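I have placed the structure first, in the form of structure tokens, so that the comments after it can refer back to it.
The values are calculated or read from the model by the stated rules, or taken from the named source; none is laboratory data. Please read these numbers as outputs of a predicted model, since none were measured by experiment. Using ideal geometry, Cβ is built from the backbone for each residue, glycine included, and neighbour counts are taken over all protein chains shown. Accessible surface is based on the protein model in full, side chains and every heavy atom, while ligands, DNA and RNA are left aside. Shrake-Rupley method; radii C 1.70, N 1.55, O 1.52, S 1.80 Å.
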Amino acid sequence: MGFYFYSACCLFIIFSKATTAIDTISPSESLSDGRTLISSDGSFALGFFSPGTSKNRYLGIWYNNIPIQNVVWVANRVNPVNDSTGLLKIETSGKIVLRVQNTTAVWSTNTTASVQNPVLQLLDSRNLVVRDGNDSNPENYYWQSFDYPSDTMLPGMKIGIDLRTGLHRILAAWKSWDDPSPGDLTYGVELEGNPEMVLRKGVEKYYRSGLWNGDGFSGSPNLRSNPIFDYDFAWNETEVYYIYFLKNKSVMSRFVLNQTESVRQRYTWNPETQTWKLFSIMPSDYCDRCGLCGPNGNCDNNKLPACQCLTRFKPKLLERWNSSDWSDGCIHSKPLNCQTGDGFIKIGKVKTPDTTNSWVNKTMNLKECRAKCLRNCYCMAYTNLDVTRGGSGCAMWFGDLDDIKQFESDGQDLYIRVSASEAEQKKRAKVKLGIILGTVIAALLGFVLVICYIHRSRRTLKDKVEDKNVNDNENENKDEDEDMELAVFAFEALTLSFLIK
């Protein structure tokens, strides 16, 4: 009897746990502290947690199928619950409310649309959404947590701006490991000038991606070939955003802002060691720091010092520059003269300048871009906006060129305005080099042709001698062959002597 009672209790417990593994709640239900919503594939959980050594309670989403609790989203970042009386509900209007002791609201959503049958659901994509339970379109959301990210960007999440509604999706680091309230390290799209991804530390622009060139950001030219994720940057009349997707959905990967180290880190999960492995980090090197070399400087990690002036530029204040104070940057070696005409020189494999004072056109070609830049005395550089399919579009910069970084490979070409005399000097150097290379190549080709002619003549002469003396005795053949060899040798010597002269 005891055995059957024990078995029945076990089955009841197992059944109870199975029934609590739900991914949806309706207005007639609630989620209290100690209970969780589990996505249908079991990969993510929504519930209450306490970070680090803190005793405060927060509503958040974390990975459910790994032994480490890594929280990827927090609802009440600013207003924690001080005890275990937190209660999450969705109202009949579709509004989500987090209350303490079922009275005081510490966090809620602002849903204005009318929903007939609202439900709150945790999706396999890690997205917490409000939708209409009667809607046949499961992706028609009235509210979603992806629109209000915390410190972590997940696959399928957009970081950027909805130009129709003004919604700005931006990452903000946790203030500390014990406090998920927003720190001063943020990452998002900035539209000052033309759009870039920018990491800020307070008001300081700490790292920027460079302009999107159709294949990637110019500041991360080698990222496209990575084996973990693919990414895109949308830039149109309705929205501007960055998004990424995993190439293999069985791989777990996330990128997160680290307030302590002031970096953006990407991790992948290692199932063998049961740990997160650091995949990439931004800023990744010394030259990734914004504006390190001052105006018109070029930062190159392979040189010492790393800060160099752009070609045809010189330090503005030489003494400070030589003492490693690069804040004043560089100026043109020879002054520009827009009225009489300037020119451009190309520097290759660079991260494009800060886009604050820039302008773009998606339909112009590079030749038209150069002409337009040349006509504007304030235009200091130009390049293709899109480098794919042979290049298209136009990007121009006005005033000082800030935060240029030099790469060993990849990177983008940039055409910089210089005085006409320096542009011609560059052209003359190219022409001189072309003449030298052309002369060398022509001489080598001539030598090859002469050698070929010698061998061909030698073979023809030999054939004629053999045909003429086919009936002669062997001694006569031998003598004539020797004579022929001497004649050909003399011809070769004469030809080589002519080439040397």
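Residue-wise test of (1) on the phi > 0 side of the Ramachandran plot; (2) among the aromatic types (Phe, Trp, Tyr); (3) in a strand (DSSP E or B).
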residue: Arg99; (1), (2), (3): no, no, yes
residue: Val106; (1), (2), (3): no, no, yes
residue: Arg126; (1), (2), (3): yes, no, no
residue: Met157; (1), (2), (3): no, no, no
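So is Leu246 under 19 Å from Met157 (Cα atoms), out of contact with any Lys or Arg (no Cβ under 8 Å at 6 or more places or on another chain) and in contact (Cβ under 8 Å) with a residue 60 or more places away in the chain or not?
yes
Can you find, within the range 239-259, the residue that is nearest to Lys201 (Cα to Cα) among those that are open to solvent by 80 Å² or more (accessible area, probe 1.4 Å) and in contact with a Phe, Trp or Tyr (Cβ under 8 Å, 6 or more places away or on another chain)?
Top of the filtered list is Phe245.
Among the residues of the range 346-359, is there at least one that is surrounded by fewer than 14 Cβ atoms within 10 Å (Cβ to Cβ) and in contact with a helix residue (DSSP H, G or I) (Cβ under 9 Å, 6 or more places away or on another chain)?
Yes; the residues of the range 346-359 include at least one that is surrounded by fewer than 14 Cβ atoms within 10 Å (Cβ to Cβ) and in contact with a helix residue (DSSP H, G or I) (Cβ under 9 Å, 6 or more places away or on another chain).
Only residues that are outside any loop (DSSP other than H, G, I, E, B), within 28 Å of the chain's Cα centre (by Cα) and touching a residue at least 60 places away in the same chain (Cβ under 8 Å): list them for the range 54-80, please.
Ile61, Tyr63, Val71, Val72, Trp73, Val74
Would you check which residues across the range 82-112 are open to solvent by less than 50 Å² (accessible area, probe 1.4 Å) and without any contact (Cβ under 8 Å) to a residue 40 or more places away in the chain and list them?
Listed by number, the residues that qualify are Val97, Leu98, Val100, Val106, Thr109, Thr111.
Of the conditions (1) in contact (Cβ under 8 Å) with a residue 40 or more places away in the chain; (2) closer than 30 Å to Asn56 by Cα; (3) under 13 Å from the mean Cα position of the chain (by Cα), Gly214 fails just one. Which one is it?
The number of the failed condition is (2).
Among the residues of the range 422-432, is any at pLDDT 95 or above and open to solvent by 40 Å² or more (accessible area, probe 1.4 Å)?
For the range 422-432, residues at pLDDT 95 or above and open to solvent by 40 Å² or more (accessible area, probe 1.4 Å): absent.
Can you confirm whether Gly47 is among the small types (Gly, Ala, Ser), at pLDDT 95 or above and open to solvent by 40 Å² or more (accessible area, probe 1.4 Å)?
No; evaluated as a whole, the condition is false for this residue.
Return the residue satisfying two criteria in turn: it lies in the range 185-220 and is among the hydrophobic types (A, V, I, L, M, F, W, C) and crowded, with 20+ Cβ neighbours inside 10 Å, and of such residues it is farthest from Asp354 (Cα to Cα).
If we take residues in the range 185-220 being among the hydrophobic types (A, V, I, L, M, F, W, C) and crowded, with 20+ Cβ neighbours inside 10 Å, then Leu185 is farthest from Asp354 (Cα to Cα).
Conditions (1) at pLDDT 95 or above; (2) touching a Pro at 6+ places or on another chain (Cβ under 8 Å), marked per residue:
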| residue | (1), (2) |
| --- | --- |
| Gly86 | yes, no |
| Ser125 | no, yes |
| Val129 | yes, no |
| Glu139 | no, no |
| Lys158 | yes, no |
| Leu163 | yes, no |
| Gly183 | yes, no |
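Taking into account only those residues within the range 363-386 that are of a type in the set (Ser, Thr, Tyr) and loosely packed, with under 14 Cβ neighbours inside 10 Å, which is nearest to the chain's Cα centre (by Cα)?
By that ranking, first place goes to Thr363.
Step by step: first the residues of the range 134-152, then only those that are among the charged types (D, E, K, R) and under 30 Å from the mean Cα position of the chain (by Cα), then the one that is least open to solvent (accessible area, probe 1.4 Å). Which residue is that?
Ranking the candidates gives Asp151 first.
Scan the range 370-391 and report the pairs whose first residue is within 22 Å of Glu196 (Cβ to Cβ) and whose second residue is open to solvent by 30 Å² or more (accessible area, probe 1.4 Å) and among the acidic types (Asp, Glu), with Cβ atoms within less than 7 Å and a gap of 6+ or a chain change.
From the range 370-391, the pairs are Thr383/Asp413; Val387/Asp215; Thr388/Asp215.
What do you reckon, is Arg131 buried (at least 21 other Cβ atoms within 10 Å of the Cβ), part of a loop (DSSP other than H, G, I, E, B) and in contact with a Phe, Trp or Tyr (Cβ under 8 Å, 6 or more places away or on another chain)?
no
Just need a number here: residues in the range 221-238 that are surrounded by fewer than 20 Cβ atoms within 10 Å (Cβ to Cβ) and either among the basic types (Lys, Arg) or farther than 19 Å from Ser358 by Cα (or both).
The qualifying residues number 12.
Restricting the search to the range 141-176, which residues are free of Cβ contacts under 8 Å to residues at least 24 places away in the same chain, among the polar types (S, T, N, Q) and closer than 26 Å to Ser250 by Cα?
Residue satisfying the conditions is Gln144 alone.
Which pairs turn up if I take residues in the range 27-53 that are closer than 13 Å to Lys89 by Cα and in a strand (DSSP E or B) and look for partners that are modelled with pLDDT under 95 and not polar (S, T, N, Q) with beta carbon separation below 6 Å, at least 6 apart in sequence or on another chain?
As it stands, the answer is none, since no pair meets every condition given.
When you scan the range 308-326, do you find a residue that is outside any strand (DSSP E or B), open to solvent by 40 Å² or more (accessible area, probe 1.4 Å), touching a Ser or Thr at 6+ places or on another chain (Cβ under 7 Å) and modelled with pLDDT of 95 or more, even just one?
Within the range 308-326, one or more residues are outside any strand (DSSP E or B), open to solvent by 40 Å² or more (accessible area, probe 1.4 Å), touching a Ser or Thr at 6+ places or on another chain (Cβ under 7 Å) and modelled with pLDDT of 95 or more.
Counting only residues that are in contact (Cβ under 8 Å) with a residue 24 or more places away in the chain and in a helix (DSSP H, G or I), which one in the range 253-294 is nearest to Ser150 (Cα to Cα)?
Applying the filter and picking the extreme gives Asp288.
Assuming Ser93 fulfils every condition listed in (1) touching a Phe, Trp or Tyr at 6+ places or on another chain (Cβ under 7 Å); (2) modelled with pLDDT under 95 apart from one, which condition is it?
(1)
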